[in-house]
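The structure appears right after this line, and notes come after that.
Quick note: the coordinates plus some simple rules give every number you see, no bench work behind them. Owing to the predicted nature of the structure, the values given are computational and were not obtained by experimental measurement. With ideal geometry, Cβ positions are generated from the backbone for all residues, glycine too; neighbour counts draw on all protein chains shown.
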Amino acid sequence: MTVDPQHPDPEVIARAAGILRAGGLVAFPTETVYGLGADGLNPLALARLFEAKGRPATDPVILHIADLEALPQLAREVPPSAWTLARRFWPGPLTLVLPKQAIVPDLVTAGLPTVAIRMPAHPVALALIRAAGTPIAAPSANRFGHTSPTTAQHVLEDLGGRIELILDAGPTPIGVESTVIDLTRPIPTILRPGGLPREALEAAVGPVAVFDRSVAGPAPAPGLLPKHYAPRAEMVVLIGPGEWLRSRLRELALRYLQESYRVGVLIAEEDRPAVEDLPVEIAALGSEKDLEGIARRLYPAMRELDGRGLDLILARDFGTQGLGLAIRDRLIRAAGGRVIKEDEPL
Ligand code: AMP
Ligand code: MG
């Protein structure tokens with residue numbers, strides 16, 4: 001059902017909320033990506049949610065709330081840093097990990113003693129959560145391991161026939177998932193970089209650690225799998241300065257074209273001259289200086305390239321400033337960790 005992103009029709013919201021209260025599944029827009037919602041306090045609804053996504057029960061989900069009062073109802077301890085971040089950045093693309101209250105079902109937290117909570121900045125999401133009158137568990141509305149959906153059409157492609165309703169409010173404004181920060185550690189630690197940059201968090205609460213998911217080792221939480229958001233084609237990420245990136249991009253494209261690979265490139269507008277004379281599929285995400293635009297176009301471009309039956313996608317990195325960190329994380333995970341850095345032999 002189509003809804004206005006700014007002023008959703010109360011009747012449509014009431015109908016969606018009724019489905020959620022009855023234990024059903026509703027996909028809805030947030031400012032990050034489309035979420036697949038279920039009543040976060042109803043174990044049967046949660047079981048259906050995992051089933052519809054094909055998501056393993058070891059991967060915890062985020063509870064979405066619409067009012068600050070819900071925070072202490074779900075989190076047993078709310079330290080001052082959590083209140084500071086919530087007041088400053090909610091509603092917004094920030095998820096807080098805190099000790100859980102007993103009412104939070106184990107399915108939500110994958111049996112962990114902590115719960116992840118967020119207040120999304122989207123009028124449709126907020127209206128839906130309020131109308132449902134319960135926290136809404138909402139992972140991204142895609143089949144597990146697929147690229148996250150930024151349009152209702154993407155949701156339909158992945159979950160059509162498996163869920164009761166999709167609320168279509170057009171493309172999501174941010175395009176990558178929320179930043180997940182763990183506040184139960186001695187230093188606040190970013191478990192997943194996302195739509196709220198690290199710099200903004202540090203300005204609010206001081207030093208913040210980043211869990212490096214690109215190094216081998218145990219995941220900080222179940223669900224932080226190294227391979228995720230994955231296209232079908234093999235993907236490789238190039239990390240290095242602009243001139244190096246462009247010459248290596250061209251060199252690699254040529255090499256694989258010679259071996260009859262069908263090659264796609266995920267690049268910035270500035271990189272186009274390096275490859276535009278080659279028979280490669282080009283997905284240009286916009287200017288390398290516009291990280292917001294790059295983040296917004298990343299998932300749709302990955303889906304688009306993936307639909308063209310390619311063997312190999314060469315993607316370039318966008319650094320670690322601002323949204324660059326989240327973009328790098330998603331690229332590396334989509335590539336299953338395959339990275340080429342400057343000074344490394346081919
Ligand atoms: P998604 O709902 O697909 O955006 O993914 C939610 C992610 O949030 C999970 O994959 C975890 O990485 C993270 N998460 C959720 N709950 C917790 C938790 N209790 N502790 C740590 N990370 C969590
Ligand atoms: Mg997801």
Subject >> Stretch gain in nm, segment Leu156-Arg143, where the contour uses 0.36 nm per residue and the Cα spacing is subtracted >> reply: 3.6 nm
Original post:
Where a ≥ b ≥ c are the square roots of the eigenvalues of the C-alpha gyration tensor, would you call segment 46-133 rounded, which needs a/c under 1.5, or, failing that, prolate if a/b is larger than b/c, or oblate?
Top reply: oblate
Original post:
Amide H of Leu285: which non-local residues (sequence gap of 5 or more, or other chain) have their own amide H closer than 5 Å, using H built in the peptide plane?
Top reply: Ile267, Ala268, Glu269
Subject >> With at most 13 neighbouring Cβ atoms within 10 Å, loop GluC sites (Glu not before Pro) (DSSP) excluded, longest segment of the chain >> reply: 78-258
Original post:
To one decimal place, what orientation-averaged projected area in nm² is obtained for the convex hull of the Cα set of segment 1-152?
Top reply: 8.1 nm²
**OP:** Using only alpha carbons, build the gyration tensor for segment 280-346 and give me the equivalent ellipsoid semi-axes, biggest first, whole Å.
**Re:** 18, 17, 11
**OP:** For segment 277-283, just list the computed ³J(HN,Hα) in residue order, Karplus coefficients 6.51, -1.76 and 1.60, θ = phi - 60°, integers in Hz, with x standing in for Gly and Pro.
**Re:** 8, 9, x, 10, 7, 10, 10
Subject >> Euclidean distance of C-alpha centroids, segment 282-296 and segment 304-324, integer Å >> reply: 10 Å
Original post:
Which whole-Hz couplings ³J(HN,Hα) result when phi for each residue of segment 76-93 is put into the Karplus expression 6.51 cos²θ - 1.76 cosθ + 1.60, θ = phi - 60°, listed in order with x for Gly and Pro?
Top reply: 5, 10, 10, x, x, 4, 5, 5, 4, 5, 5, 5, 7, 10, 9, x, x, x
Original post:
Whole-Hz Karplus ³J(HN,Hα) for segment 59-74, in order, using 6.51 cos²θ - 1.76 cosθ + 1.60 and θ = phi - 60°, x for Gly and Pro?
Top reply: 9, x, 10, 8, 8, 9, 10, 10, 9, 4, 4, 6, 4, x, 6, 9
**OP:** Evaluate segment 229-346: find the radius of gyration of its Cα atoms, find its Kirkwood radius, and give the ratio Rg to Rh.
**Re:** 0.92
Original post:
At a Förster distance of 30 Å, what's the computed FRET efficiency of Ile103 paired with Glu234, Cβ-Cβ distance as r, to 0.05?
Top reply: 0.10
Original post:
What nm distance separates the two modelled labels at Glu77 and Asp290, each placed 7 Å from Cα along Cα→Cβ?
Top reply: 4.5 nm
**OP:** Choose one of Leu128, Leu71, Leu112: the residue whose Cα lies farthest towards the positive end of the charge dipole of segment 63-145 (beta-carbon charges +1 Lys, Arg; -1 Asp, Glu; about the Cα centre).
**Re:** Leu128
Original post:
How large is the charge dipole for segment 228-346, taken about the Cα centre, if only the Cβ atoms of Lys, Arg (+1) and Asp, Glu (-1) carry charge, to the nearest 20 debye?
Top reply: 380 debye
**OP:** Give the order of Trp244, Trp90 when sorted by the count of other beta carbons within 10 angstrom, beginning with the fewest.
**Re:** Trp244, Trp90
Subject >> Label point distance in nm, Asp277-Asp311, each placed 7 Å from Cα along Cα→Cβ >> reply: 2.4 nm
**OP:** Just need the relative contact order of segment 1-155 here, percent rounded to a whole number, with Cα pairs under 8 Å and 6+ apart.
**Re:** 35 percent
Subject >> Where labels lie 7 Å past Cα in the beta-carbon direction, separation of Glu243 and Glu11 in nm >> reply: 6.4 nm
**OP:** Rank Ser81, Ala233, Ala45 by how far each Cα sits towards the positive end of the charge dipole of the chain (+1 on Lys, Arg Cβ; -1 on Asp, Glu Cβ) and give me just the farthest.
**Re:** Ala45
Subject >> Cα shape, the chain, gyration tensor, a/c 1.5 rule >> reply: prolate
Original post:
Which of Asp311, Asp182 comes first, and how do the rest follow, when ranked by fewest Cβ neighbours within 10 Å?
Top reply: Asp311, Asp182
Subject >> Dipole magnitude of the chain, debye to nearest 20 (Cβ charges: Lys/Arg +1, Asp/Glu -1, about Cα centre) >> reply: 720 debye
Subject >> At R0 = 35 Å, FRET efficiency that the Cβ-Cβ distance of Ala209 and Glu269 yields, to 0.05 >> reply: 0.55
Original post:
Given 0.36 nm per residue, what is the gain on full extension from Asp4 to Leu257 after removing their alpha carbon distance, in nm?
Top reply: 86.5 nm
